[in-house]
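The values are calculated or read from the model by the stated rules, or taken from the named source; none is laboratory data. Since the structure is predicted, the reported quantities are computational estimates derived from the model, not experimental observations. Glycine also receives a Cβ, built like all others from the backbone with ideal geometry; neighbour counts cover every protein chain displayed.
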Amino acid sequence: MQKQNEYDNKRKKTLRWGYLFAVVALCVFVMFLARIVVLQNTNVQEIKDDYINKNYREATLKAARGNLFASDGSILATTVMRYDIYLDFKTMKDTVYSNNIGALTDSLSKMFGKPRAEFRKRFDEQRAKKNQYYALVKGLEFR
């Protein structure tokens, strides 16, 4: 008899939680439907304008670069990519600088026809200043 009573108590408790969940779910569903009805029957234009004002932004986009062709397929204009190269001496580690400065100055000397010592002197000065935006080359074309 006591097991039956214990079973009935558990069953009643479980049913109460089930009913509570059903009532809460029904209330949420009714609130959802009420919100839909309110949105359908209010000033729709005002809501749209408010949405557009909050979520619309204007941006100017650069045109895609590329070749311009004539109607016969010949190239009228072509795009030449130019790059600016900067060195950041502020965040460069001492070991990276000391291990690679020789190779860098050699390569730059060959590319630009200036003495290696000139590049080394400039780099050492900028390193001492902790220059974060040292312009190494501007307008470099990619070949």
Check: Of the residues that sit in the range 125-143 and are more than 30 Å from residue 78 (Cβ to Cβ) and surrounded by 13 or more Cβ atoms within 10 Å (Cβ to Cβ), which one is nearest to the chain's Cα centre (by Cα)?
Finding: 132
Next item on the list: Scan the range 33-41 and give yes if some residue there is within 27 Å of the chain's Cα centre (by Cα) and surrounded by fewer than 10 Cβ atoms within 10 Å (Cβ to Cβ), otherwise no.
Entry: no
Next item on the list: Could you list all residues from the range 81-96 that are touching a residue at least 24 places away in the same chain (Cβ under 8 Å), surrounded by 10 or more Cβ atoms within 10 Å (Cβ to Cβ) and not in a strand (DSSP E or B)?
Entry: 88, 89, 90, 92
Notebook entry, point to check: Can you find a residue in the range 54-68 that is modelled with pLDDT of 80 or more and outside any helix (DSSP H, G or I)?
Noted result: yes
Checklist line | Residue count for the range 111-127, restricted to those that are more than 12 Å from residue 88 (Cα to Cα) and outside any loop (DSSP other than H, G, I, E, B) | finding: 11
